[in-house]
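The values are calculated or read from the model by the stated rules, or taken from the named source; none is laboratory data. In this text the structure is predicted, and so the values were computed from the model without any measurement. Glycine also receives a Cβ, built like all others from the backbone with ideal geometry; neighbour counts cover every protein chain displayed.
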Amino acid sequence: MTAPAAAACQNHREREAIGICVECRARICSECVTKVDGINYCVACYAVLAERGARRKASAERPTATWLAGLAAFGLLTLVTLLTWGLLEAALPGGS
């Protein structure tokens, strides 16, 4: 009886697969595997995972940027209002 042949990596047929991608179920070698929290990902699936993470991070940062833009607009509006009020006070009769 012969021993079963080792499974080959999907990308490197000459290399033995050491794991299976959790997303696409591809057999992957040590060069192709990326482990995240102990879970195997192939190169393509890890790229998708990283892109999802980047999008999540960007969307989490947007409310802060929007809030800061609103605060800056409010500050500018307040400044313009105060300057206008000051100019009107000085220009109107009875003003300082």
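Side notes on the structure shown:
- Residue in segment 86-93 that is loosely packed, with under 10 Cβ neighbours inside 10 Å, modelled with pLDDT under 90 and part of a loop (DSSP other than H, G, I, E, B) present: yes
To keep it simple, each residue is scored yes or no on (1) touching a strand residue (DSSP E or B) at 6+ places or on another chain (Cβ under 7 Å); (2) of a type in the set (S, T, N, Q); (3) in contact (Cβ under 8 Å) with a residue 12 or more places away in the chain; (4) under 30 Å from Asn11 (Cα atoms).
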| site | (1), (2), (3), (4) |
| --- | --- |
| Tyr41 | yes, no, yes, yes |
| Gly53 | no, no, no, yes |
| Leu79 | no, no, no, no |
| Leu88 | no, no, no, no |
| Ala91 | no, no, no, no |
| Gly94 | no, no, no, no |
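- Inspection of segment 32-50 identifies at least one residue that is at pLDDT below 95, in contact with a His (Cβ under 9 Å, 6 or more places away or on another chain) and either surrounded by 10 or more Cβ atoms within 10 Å (Cβ to Cβ) or outside any helix (DSSP H, G or I) (or both).
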